[in-house]
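Below is one structure; the comments refer to it alone.
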Amino acid sequence: MASCEHYLKELLRTIEPTRAQKDDASRSQTFLRNILDSGNMSRVIVDDYLSGSYPRETAIRPLEDVDIIFVVDPGHWPRDEFTLLASDYPDPEAVLKTFINAIRRRYDGSPLRLQSKSVRLQLYHLNIDVVPAIDRGRGDHTIMIPDRRSGKWILTAPRRHTELATDINRLRDGLFKPLVKLLKFWNSGLPSTADFRSFAVE
């Protein structure tokens with residue numbers, strides 16, 4: 001009789017993103033990062049890196065979303081006297097609109113959506129969320145990301161999240177990330193009134 005572990009491993013194989021999905025996502029996110037960091041935007045963007053379940057290797061099939069953090073120079077956006085007194089950061093909506101306009105010029109015809117904290121580029125096979133960010137300069141991977149609904153910037157640390165997932169997976173003999181995928185698969189079958197956000201599962 002096959003063990004429970006055997007069945008779980010077989011299930012993991014069926015929910016793992018396919019090689020084609022991974023390759024397509026890799027090409028698309030690499031192209032976007034290269035083309036966006038060009039022209040006038042090359043003076044705005046300081047750094048860029050992946051965030052979310054895709055780089056943490058906890059995504060399940062189908063691979064539909066990729067998040068990219070674009071660290072920016074906040075001095076690019078002019079601020080009036082009131083803004084300077086109220087915050088060290090530019091207006092979140094102004095930053096997001098700069099990115100949606102830049103992406104629109106580079107992806108003419110592709111659907112775009114201005115979200116609360118990001119700009120979503122909808123490709124035929126993948127959604128890419130572009131997230132502007134400001135490095136806090138503390139050397140601890142903490143960044144501030146915009147929230148246009150509140151008009152404020154929110155503290156987060158996606159690079160640290162990726163490091164923690166890798167560390168825990170190593171300490172648990174490579175079982176943490178497979179467990180996360182299985183829980184995400186279980187979560188995907190729950191009704192919308194009972195399911196968890198993907199990050200909460202992790």
Keeping to segment 161-200, report how many residues are over 22 Å from TYR49 (Cβ atoms), of a type outside the set (S, T, N, Q) and not in a helix (DSSP H, G or I). 10
For residues that are of a type in the set (Val, Ile, Thr) and either surrounded by fewer than 11 Cβ atoms within 10 Å (Cβ to Cβ) or within 19 Å of the chain's Cα centre (by Cα) (or both), scanning just segment 10-43, find the one that is farthest from ASN101 (Cα to Cα). THR14
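In segment 87-98, how many residues are assigned to a helix (DSSP H, G or I) and in contact with a helix residue (DSSP H, G or I) (Cβ under 9 Å, 6 or more places away or on another chain)? Talk me through it step by step, then tell me what you get.
To start, the set of residues in segment 87-98 that are assigned to a helix (DSSP H, G or I) comprises 92-98.
Cutting the leftovers down to in contact with a helix residue (DSSP H, G or I) (Cβ under 9 Å, 6 or more places away or on another chain) gives us 95, 98.
Matching residues across segment 87-98 total 2.
Yes/no matrix, rows are residues, columns are (1) among the β-branched types (Val, Ile, Thr); (2) in a helix (DSSP H, G or I); (3) open to solvent by 30 Å² or more (accessible area, probe 1.4 Å); (4) within 14 Å of ASP129 (Cα to Cα):
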site: VAL46; (1), (2), (3), (4): yes, no, yes, no
site: TYR49; (1), (2), (3), (4): no, no, no, yes
site: PRO55; (1), (2), (3), (4): no, yes, yes, yes
site: ALA59; (1), (2), (3), (4): no, no, no, no
site: ILE69; (1), (2), (3), (4): yes, no, no, yes
site: GLY75; (1), (2), (3), (4): no, yes, yes, no
site: ARG79; (1), (2), (3), (4): no, no, yes, no
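Taking strands (runs of 3 or more DSSP E) that do not extend beyond segment 99-160, which have at least 1 residues that are surrounded by 18 or more Cβ atoms within 10 Å (Cβ to Cβ)?
Per the criteria, 119-122, 127-135, 143-147, 152-156.
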Take the residues in segment 186-202 that are within 20 Å of ILE168 (Cα to Cα) and buried (at least 16 other Cβ atoms within 10 Å of the Cβ); name whichever of them is nearest to the chain's Cα centre (by Cα). SER198
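The values are calculated or read from the model by the stated rules, or taken from the named source; none is laboratory data. Everything numeric here is computed off the predicted structure, so don't read it as measured data. Reconstructed Cβ throughout: ideal geometry from the backbone, glycine too, with neighbour counts over all protein chains shown. Protein only, heavy atoms only, side chains kept; ligands, DNA and RNA dropped before computing areas. Shrake-Rupley method; radii C 1.70, N 1.55, O 1.52, S 1.80 Å.
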